[in-house]
1. Residue by residue through the range 86-130, note down the ones that are within 16 Å of the ligand (Cβ to nearest atom), under 22 Å from Lys178 (Cα atoms) and among the polar types (S, T, N, Q).
2. Does the range 115-126 hold any residues that are outside any loop (DSSP other than H, G, I, E, B) and either among the polar types (S, T, N, Q) or closer than 12 Å to Asn140 by Cα (or both), and which are they?
3. Do you know which residues across the range 11-37 are closer than 22 Å to His277 by Cβ and aliphatic (A, V, I, L, M)?
4. Considering every residue within the range 35-53, establish whether at least one is in contact (Cβ under 8 Å) with a residue 12 or more places away in the chain, near the ligand (Cβ under 9 Å from one of its atoms), surrounded by fewer than 21 Cβ atoms within 10 Å (Cβ to Cβ) and part of a strand (DSSP E or B).
5. Since Lys244 meets every condition but one in (1) farther than 18 Å from Leu144 by Cα; (2) touching a residue at least 40 places away in the same chain (Cβ under 8 Å); (3) in contact with a Gly (Cβ under 8 Å, 6 or more places away or on another chain), which condition does it not meet?
Amino acid sequence: MKRIALINDLSGFGKCSLTAAIPVISVMGIQACPLPTAVLTAQTEFGDYYSYDLTDKMDKFTEKWKSMDVSFDGIYSGYLADAGQMEKVEHFLEQFQEENTLYLADPVMGDRGMTYDMFNETFLQGMKELTKKADVITPNLMELCLLSEVSYEEMITHQQDEDYIRRIVNLCKVLLAKALKPQTVIVTGIVRTKDGEEYVGNLAVSGEECVHLENPYTGKGFSGTGDLFASVICGSLVKGLSVKEAVEKATYFLQEAIEEATEENIPMVHGVNFEKHLYKLL
Ligand code: PXL
């Protein structure tokens, strides 16, 4: 059985990080091995939350797992509670990243113009270094702008321009050139206006290949959808699917869940009812 190490937090509410990744990876027939970065009462966008930081415990997982003589087909890192956790992830990679291990780094830092509570300049510099080591990175548009030192506010003023996607592809290419290995950048949540209608799409750029898929935009962004998306991508690539197939699978899995959450007026911080749609990943 394939196996993926999931370096992410455990949040009681928000349907994100490990509560999103474990069911997705499991239903795809892959063993999910969580390495928790923090335990939270609820994801940070709830505002009033308690977070127990596990930085000091992360090396215990690395060392105990190493002495168990286990290996991983995939490593997926997501929410890190502070910049100090990046060196713990790097230590984990030194121990477990092998020739055939797929490393997906989701540079979780913010969304739609707002950075999360842990974000600061040191965090950004650390994330730039960490993402260079990955085979796949899955920033949303704001995170792509942060990694590229480009203003997100300025970028989204071009939403209606014909060359908007081309501009984003160019940012991806700059990151690809800095990466330490051949990499795929998958940018999520790209909202644009085309023929008077709003669309939301995902764009994958690797070498010369470019895949852009979009759907009508419901106007809302829900907690955890980026984590669910990255989980499907990671599981699909570990199973040998192409980047295009992986992006199609993730889009197919999430689209209806997002539409339903919008219709049902689910508060954005609570996330979508993805559970009903897990069968699509079987
Ligand atoms: O979905 C990203 C995420 C993961 N984990 C925690 C978060 C967030 C986004 O706010 O707060 C704890």
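1. Asn120
2. So the first thing to find is which residues in the range 115-126 are outside any loop (DSSP other than H, G, I, E, B), and the list is 115, 121-126.
Thr115, Thr122, Gln125 - these are the residues of the range 115-126 that are outside any loop (DSSP other than H, G, I, E, B) and either among the polar types (S, T, N, Q) or closer than 12 Å to Asn140 by Cα (or both).
3. Our first condition is that a residue be closer than 22 Å to His277 by Cβ; within the range 11-37, this holds for 11-32, 34.
Across the range 11-37, the qualifying residues are Leu18, Ala20, Ala21, Ile22, Val24, Ile25, Val27, Met28, Ile30, Ala32.
4. Yes.
5. (3)
For every residue, the table says whether it meets (1) surrounded by 17 or more Cβ atoms within 10 Å (Cβ to Cβ); (2) more than 24 Å from Gly110 (Cα to Cα); (3) within 15 Å of the chain's Cα centre (by Cα).
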position: Ser236; (1), (2), (3): yes, yes, yes
position: Ser242; (1), (2), (3): no, yes, no
position: Ala246; (1), (2), (3): yes, no, yes
position: Ala250; (1), (2), (3): yes, no, yes
position: Ala257; (1), (2), (3): yes, no, no
position: Pro267; (1), (2), (3): no, no, no
position: His270; (1), (2), (3): yes, no, no
position: Asn273; (1), (2), (3): no, no, no
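No lab work stands behind these numbers, since they all come straight from the coordinates. Keep in mind it's a predicted model, so treat the numbers as computed, not measured. We place every Cβ from the backbone using ideal geometry, glycine too, and count neighbours over all the protein chains shown.
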